[in-house]
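Peer 1: My questions will all concern the structure given below.
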Amino acid sequence: MSGPLARRALLLAPSAAAVAGGVALLALWERPERIPPLWGPDQPGTLVGRKLPAFTLPGLAGQPGFTSTDVAAAGRTALINFFASWCMPCRQEAPALLRLEQRGLPIWGVDYQDKPGDAIAFLQVTHAPYRRVGCDVTGRIGRTFELQGVPESFLVDRDGIIRWHWAGGLSEDVVRQYLVPTIGRA
């Protein structure tokens, strides 16, 4: 093949690939059972039941960060919450986090792949009740926790075992239905 016909074939190849990709996506859309769900009550994630991974996070704007040892050393159940300033569900879950903290649950925040200045502004606006905030600028700790995105939360029992994981924003319903019963068992 040469000449104008070859040029047309080269020009049409990307369009054909895009159409094939669209057809494949449509096929998955029609069969959602083939798309793995985000972790929730029925999909706990691979870290649930395992010891809290070892990590060290620097703090935000000169404040102390925290380590996995800090979380476990408290000797009580705690929540680790990954968030980012650019994440709208993170803003929406702030009232639920505040109520959990008011009930006595220590909450440790991990600012995920964010700019420190943006994170500080986010914390001032949302009044998120983190005991301490650690910065995961590179996303390395998020990969250790097998994050699907933000927000995500991990409940760690007094022995340093992850007992619960939620991918997505925490709402009052999620807290009441799934988290509170797990706290009672942790």
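A short reminder: the numbers here are calculations on the coordinates, not readings from a lab. This one's a predicted model, so the numbers in the text were calculated from it and none came from an experiment. In this analysis, Cβ positions are derived from the backbone assuming ideal geometry, glycine residues included, and neighbour counts consider all displayed protein chains.
Peer 1: Counting DSSP beta bridges in the range 56-185, what percent are antiparallel, to the nearest 5?
Peer 2: Working: 13 of 22 bridges.
Antiparallel bridges: around 60 percent, rounded to the nearest 5.
Peer 1: Continuing with the same structure: What are the radius of gyration and Dmax of the range 56-185, computed over its Cα atoms and given in Å?
Peer 2: In order Rg, Dmax, the Cα atoms of the range 56-185 give 13.3, 38 Å.
Peer 1: Direction-averaged shadow area of the convex hull around the Cα atoms of the range 69-126, nm²? All intermediate terms of the calculation are to be shown ahead of the outcome.
Peer 2: Values: hull surface 17.0 nm².
One quarter of the hull surface, i.e. the mean projection, equals 4.3 nm².
Peer 1: Applying the Karplus parametrisation 6.51 cos²θ - 1.76 cosθ + 1.60 with θ = phi - 60° to the phi angles of the range 161-171, what ³J(HN,Hα) value in whole Hz is obtained for each residue in order, glycine and proline being reported as x?
Peer 2: Per-residue couplings from phi come out as 9, 6, 9, 7, 9, 10, 9, x, x, 8, 10 Hz.
Peer 1: Shape call for the range 116-176 from the C-alpha gyration tensor, a ≥ b ≥ c root eigenvalues: rounded (a/c under 1.5), prolate (a/b greater than b/c) or oblate?
Peer 2: On the way: a/c = 1.64, a/b = 1.22, b/c = 1.34.
It is oblate, given that a/c is not under 1.5 and a/b is not larger than b/c.
Peer 1: Which one of LEU100, MET88, GLN113 has its Cα pushed farthest toward the positive end of the charge dipole of the range 56-185, where Lys and Arg give +1 and Asp and Glu give -1 at the Cβ?
Peer 2: Working it through, the farthest residue towards the positive pole turns out to be LEU100.
Peer 1: Related question: If packing is taken as the average count of other Cβ atoms within 10 Å, what order do 153-161, 104-112, 71-79 fall into, highest mean first? Write down the numbers at each step before the final one.
Peer 2: Numbers: 153-161: 19.0, 104-112: 22.0, 71-79: 17.1.
Highest to lowest by the protection proxy: 104-112, 153-161, 71-79.
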